[in-house]
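The values are calculated or read from the model by the stated rules, or taken from the named source; none is laboratory data. Since this is a predicted model, take the numbers as computed values, not measurements. So basically every Cβ, Gly included, is an ideal-geometry build from the backbone, and we count neighbours across all protein chains shown.
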Amino acid sequence: MSAARLLPGILAALIAAGLAAAAIWAIAAEAGGLDLGSVWGDTYLHGVLAFTFKQAVLSTLLAALLGLAAARAVHRRAGPRGARALHLIASLALVMPTTVAAVGIVSVWGRAGWFADAAAALGLPGPGATLYGLPGVLLAHVFFNAPLMARIFHGALAAIPDGRWRLAAQLGIGGREVWRFVEWPAIKRVLPSACGLVFLLCFTSFALVLMLGGGPRASTLEVAIYEAARLDFDLARAATLSLIQLAICAAILLALARFPADWSHGRGATGQGGWLRPDCAELQGKLADAIVASVAIGIVAAPLTAIVLGGFRGELLGLPGQPAFRAALMASAAIALASSAITCVLAWAICEARRSLVLPSRAGGVAWGAGLLDLASTIYLAVPAIVFGLGAFLLLRGVADAFTLAPLLVLAANVLLSLPFAVRALQGRLAESGACHDRLCASLGISGWARFRLVEFPVVRRELGFAAALAAALSVGDLGVIALFGSDDFRTLPWLLYERSGRYQSGEAAAIALALLALSLVFFIGIERLVGGRHAVR
């Protein structure tokens, strides 16, 4: 076990866990001065908790139903090309800035949106203001999470052996029997972990609820924390709400730990088994797939189209001449690139240390150490950005000006946000590389930079490119810590978009939304292609 490979990873894990622990400690200390009885007796808090759970449960259910229907339709009709298109849409939804999606959804389903115009042309009543509140939040969460669910479920369906489909065809079983005996056994392996992940994402949703919630009746815990800290400056109340949020998120993560996310089994599958399905020719199935395709296009494609068209009709050409836009663009780009680089370095160090611990453990080593590294790299999933930002402000109070250090706080939050995804992307391939090449490298004396350049990088290049691109794209679109520390002196593009939307400057907001979407895609596709090579883009 090499100390040179182990110590950097331990240090990286300590940094990640230490930042989260420090924020939690500061929040707990601040909340200690508030009467918990008065908090639990607060009817507003009861309403916030009820709405948070309600929208998370409904969002997860709707995303799972639409994702499953879309996955079955793609597997039944589209073949490998459809699978690649589904993966592309899921990747796009993953890196889409939430503020941009909110603008697109309002452009389609809002009071002055496409749907309202079509209803007026037909003499029908429009949606009015019903978008804001629970309907808008559900629509936005389905927009983001249904493609993710569809990709996971399609991977499970694509991994079903062709022999099972041939047997089903020989037995002449129909749609219900196909679902019961062939598809459901594959789906149920990934369903708990997929639903748990989406529930956690919806439970901690912030930007979408902030822009589409529509008022106190449709606020989640994240939004309540933001309002208490930034608008009311009631730090004790914000800290208490943060502790409640942390406890619930930790409970969700512990529940998810019982259902390992086994989503890789369909990674190399081609989906050819779909052509062997006995239900391909059923008229009922064709009609159902057509309906699913129409709904999916309406929910996913329509807002994207609205963003592009609205951006070009807006004040796009005038944006470069605005000092605020230029400053926000430079800040977002600089933080995204720095976040991508730091995230990859920390993730690589953690994966190297984990590999050093896991491989010797086969001979009685310390496998528990790998579990601690996993916990340190994923702990931020239980510490949302608003909670981390509040903890950082409380730590720096009386020591330094948090608004002056806002760029560093946003950078730290973005690194911690991306770290779990980067570690998950890298650790599998690095572990395989270590199992194959450790003895050979030791016998040839290859280590350090030479090993990275000659052995590791060619093997893990594609995964490293994806991790770097994802970290940059997530950083570009994040509206978390900046919501607490954004000011006239420091803005990012998401914060500038939120400001313009709040002032009802729809033309300028549409142009900023298109620019932010373009920047996210350029970073995601460009960095993945640059680092991962010519075959990296999914």
- Assess whether Asp262 counts as being under 21 Å from the mean Cα position of the chain (by Cα), assigned to a loop (DSSP other than H, G, I, E, B) and at pLDDT below 90. yes
- Query: Considering segment 430-466 alone, what residues qualify as being among the β-branched types (Val, Ile, Thr), in contact with a Lys or Arg (Cβ under 8 Å, 6 or more places away or on another chain) and surrounded by fewer than 18 Cβ atoms within 10 Å (Cβ to Cβ)?
  - Reply: Val459
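Conditions (1) surrounded by 15 or more Cβ atoms within 10 Å (Cβ to Cβ); (2) in a helix (DSSP H, G or I); (3) of a type outside the set (Asp, Glu); (4) free of Cβ contacts under 8 Å to residues at least 60 places away in the same chain, marked per residue:
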position	(1), (2), (3), (4)
Phe153	yes, yes, yes, no
Ile173	yes, no, yes, no
Val178	yes, yes, yes, no
Pro185	no, yes, yes, yes
- Task: State whether one or more residues within segment 437-448 are out of contact with any strand residue (DSSP E or B) (no Cβ under 6 Å at 6 or more places or on another chain), closer than 23 Å to Leu373 by Cα and without any contact (Cβ under 8 Å) to a residue 60 or more places away in the chain.
- Result: yes
- Item | Yes/no for His141 being part of a helix (DSSP H, G or I), touching a residue at least 40 places away in the same chain (Cβ under 8 Å) and touching a Ser or Thr at 6+ places or on another chain (Cβ under 7 Å) | yes
- Item | Candidates Trp40, Trp25 - the one that is at pLDDT 80 or above and of a type outside the set (Gly, Ala, Ser) | Trp25
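Just to be sure before I move on: is Ala473 of a type in the set (A, V, I, L, M), closer than 30 Å to Glu315 by Cβ and modelled with pLDDT of 90 or more in the structure I sent? Before the answer, list the steps.
Numbers: of a type in the set (A, V, I, L, M): yes; closer than 30 Å to Glu315 by Cβ: yes; modelled with pLDDT of 90 or more: yes.
Yes: the conditions hold for Ala473.
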- Item | Enumerated helices (runs of 4 or more DSSP H) restricted to segment 56-125, each holding at least 3 residues that are more than 17 Å from the chain's Cα centre (by Cα) and crowded, with 20+ Cβ neighbours inside 10 Å | 98-109
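For segment 155-171, what are the residues that are among the aliphatic types (A, V, I, L, M) and either free of Cβ contacts under 8 Å to residues at least 24 places away in the same chain or assigned to a helix (DSSP H, G or I) (or both)?
Ala156, Leu157, Ala158, Leu167, Ala168, Ala169, Leu171, listed by residue number.
Tell me yes or no: at least one residue of segment 498-505 is out of contact with any Cys (no Cβ under 8 Å at 6 or more places or on another chain), within 21 Å of Pro97 (Cα to Cα) and touching a residue at least 24 places away in the same chain (Cβ under 8 Å).
Initially, segment 498-505 is screened for residues out of contact with any Cys (no Cβ under 8 Å at 6 or more places or on another chain), giving 498-505.
Now narrow it down to the ones that are within 21 Å of Pro97 (Cα to Cα): 498-505.
Next cut, touching a residue at least 24 places away in the same chain (Cβ under 8 Å) only: 498, 501.
Yes, segment 498-505 contains a residue that is out of contact with any Cys (no Cβ under 8 Å at 6 or more places or on another chain), within 21 Å of Pro97 (Cα to Cα) and touching a residue at least 24 places away in the same chain (Cβ under 8 Å).
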- Task: Scan segment 386-409 for residues that are surrounded by 18 or more Cβ atoms within 10 Å (Cβ to Cβ) and at pLDDT below 85 and jot them down.
- Result: Ala402
- Message: Could you list, ordered by first residue, the pairs with Cβ atoms under 9 Å in which the first is in segment 277-303 and farther than 18 Å from Leu68 by Cβ and the second is polar (S, T, N, Q) and at pLDDT below 80, at least 6 apart or interchain?
- Response: Pro278/Gln170
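Being in a helix (DSSP H, G or I), modelled with pLDDT of 85 or more, under 13 Å from Leu390 (Cβ atoms) and touching a helix residue (DSSP H, G or I) at 6+ places or on another chain (Cβ under 6 Å) is the requirement here; does Ala194 meet it?
Working: in a helix (DSSP H, G or I): yes; modelled with pLDDT of 85 or more: yes; under 13 Å from Leu390 (Cβ atoms): no; touching a helix residue (DSSP H, G or I) at 6+ places or on another chain (Cβ under 6 Å): yes.
Judged against the criteria, Ala194 is not a match.
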- Does segment 443-458 include one or more residues that are aliphatic (A, V, I, L, M) and either touching a Ser or Thr at 6+ places or on another chain (Cβ under 6 Å) or under 26 Å from Leu231 (Cβ atoms) (or both)? no
- Message: Tell me whether segment 339-360 contains one or more residues that are surrounded by fewer than 19 Cβ atoms within 10 Å (Cβ to Cβ), part of a helix (DSSP H, G or I), modelled with pLDDT under 80 and out of contact with any strand residue (DSSP E or B) (no Cβ under 8 Å at 6 or more places or on another chain).
- Response: yes
- Among (1) in a helix (DSSP H, G or I); (2) in contact (Cβ under 8 Å) with a residue 40 or more places away in the chain, Leu316 falls short only on (1)
- If you check Glu222 against the conditions, is it out of contact with any helix residue (DSSP H, G or I) (no Cβ under 8 Å at 6 or more places or on another chain) and of a type outside the set (Gly, Ala, Ser)? no
- Tally of residues being part of a helix (DSSP H, G or I) and under 20 Å from Gly133 (Cβ atoms) across segment 200-238: 20
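Filter segment 317-337 down to the residues that are crowded, with 18+ Cβ neighbours inside 10 Å and over 24 Å from Asn145 (Cβ atoms), then identify the one that is modelled with the lowest pLDDT.
From segment 317-337, those crowded, with 18+ Cβ neighbours inside 10 Å are 319, 325, 328-329, 331-333, 335-336; that's our starting set.
With the extra rule that they be over 24 Å from Asn145 (Cβ atoms), the set shrinks to 319, 325, 328-329, 331-333, 335.
Details: Leu319: 85, Phe325: 91, Ala328: 92, Leu329: 93, Ala331: 93, Ser332: 93, Ala333: 94, Ile335: 95.
Among those that are crowded, with 18+ Cβ neighbours inside 10 Å and over 24 Å from Asn145 (Cβ atoms), it is Leu319.
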